[in-house]
1. Please sort through the DSSP H helices of the chain and keep those with an alpha-carbon extent of at least 27 Å along the long axis and a Kyte-Doolittle average not below 1.6.
2. Hey, can you rank 25-38, 206-219, 227-240, 152-165 by average C-beta count inside 10 Å, highest first?
3. Starting with the fewest neighbours, write out CYS71, CYS55 ranked by other beta-carbon atoms found within 10 Å of each beta-carbon.
4. Measure of size requested: the Rg and Dmax of the chain, with Cα atoms as the atom set and Å as the unit; please supply both.
5. Quantify how much of the Cα-Cα distance distribution of the stretch 24-100 extends past 15 Å, in percent.
6. Anything over 31 Å Cα to Cα? Flag those among LYS227/LYS313; LYS189/LYS306; LYS107/LYS268; LYS107/LYS313, in the order listed.
7. Sum -39500 (n - 2.57) across every DSSP H segment of at least 4 residues in the chain, then divide by the residue count to get the 222 nm mean residue ellipticity, nearest 500.
8. With +1 assigned to the C-beta of every Lys and Arg and -1 to the C-beta of every Asp and Glu, and no other charges, what is the dipole magnitude of the chain about the Cα centre in debye, to the nearest 20?
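Each value in this text was obtained by applying a stated rule to the coordinates, not by laboratory testing. These numbers come from a predicted model, not from an experiment. Please note: Cβ atoms are built from the backbone with ideal geometry, for glycine as well, and neighbour counts cover all protein chains shown.
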Amino acid sequence: MKRLIPYRWLRVFIWVLLVMAVIWTAVWFAASQWLDNKVGDITTSLSNHGTEIECANRTVSGFPFSMKVNCEKLGVVTVRGTERADFGALSTGASVFSPDVITSELKAPFITYAGGKELRANWSSLQAKVDANLQGGVDEFLLRSNRLNLSRDGLDVSARSHMMRFRPVRWTRKTDVGNTSLNFGFSTKQLALKTTNGVDIPPADIRGIAILKDGYRDLVDRRLPIKTVLSDGANVRLANLVLSLEGGGKLGFSGPIRLSEDGLISGKVRLGISEPKSIGAWASRIDPNFQQAVAALAQATAGMGKRSKIGGKEMRTISVKIKRGEVRLGFIKLGKIPPVKFD
């Protein structure tokens, strides 16, 4: 029987593979050494500019088809020493097949002492993914976490899972690069909040979409504070927000809501309510006054509302006007939303 591949050529093929494996191994380890040195240069540069990065027992791993920088513990300290953040183990890197997608995994806990008060966070898993492009920009930033708990000065926030996604978008093909906007989507399961002064917000699922229009370059590339970005003409709009509660109740808000540089909210939005009993039970656990306000809105929605969809959920909705934080339903003043603090 004649061989499909002659033995001589099979032997040559095996030798070629071995040589390529040796070359690839040498290239990988040379690249890993270069990366380790580059990380050292970056930390030195940051130190010269006032930020100390402490990466305990730094290593480079991932052979043969990826490359990751690992720290057993990570610490960040400002030059003044008054602000410090401590993290668990960090692993960040990319696959050779997708070098533009950087994935980072961070272990709990996270502790910082900014402002003289301890802020502590714990989670079962936390992953960040950055999809970059060859032009130096970012196509997408994705952050996922599970079993997240955050506490500071009597404030306790927990969530079963959390997801945030940032994507730069262009409104038209003729839009200048400097006017690129940022699309922000988020989803949180079983978000709950407790404070020492008696505020207790029961668990709720939250989904929403917000847009930072004409401010991506200022915020991401130039790293300007959000207050400066807004005063420079950018605009934050909340497109959709849906709270899903126990018992099937849903609270929905559909924008646009605009956030000004002084932190005040304005806009004309659709407010939607479904299963008022479920929402009333949720509101009663927060505050009796809040329950009364929700009951009044539910009654108005049931009487005057029309069926429409908010965030893909069908519910009865009414139109609510917000002008610099003041909320009105027609001529009726419902209350005032305090300004958002950027500092």
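1. Answer set is empty.
2. 206-219, 227-240, 152-165, 25-38
3. Result, fewest neighbours first: CYS55, CYS71.
4. Cα radius of gyration and Dmax of the chain are 26.0, 95 Å respectively.
5. Beyond 15 Å sits 60 percent of the P(r) for the stretch 24-100.
6. Distance filter (> 31 Å) returns LYS227/LYS313; LYS107/LYS268; LYS107/LYS313.
7. After summing the helix terms and dividing by the residues of the chain, the value is -7500 deg cm²/dmol.
8. Roughly 1440 debye for the chain.
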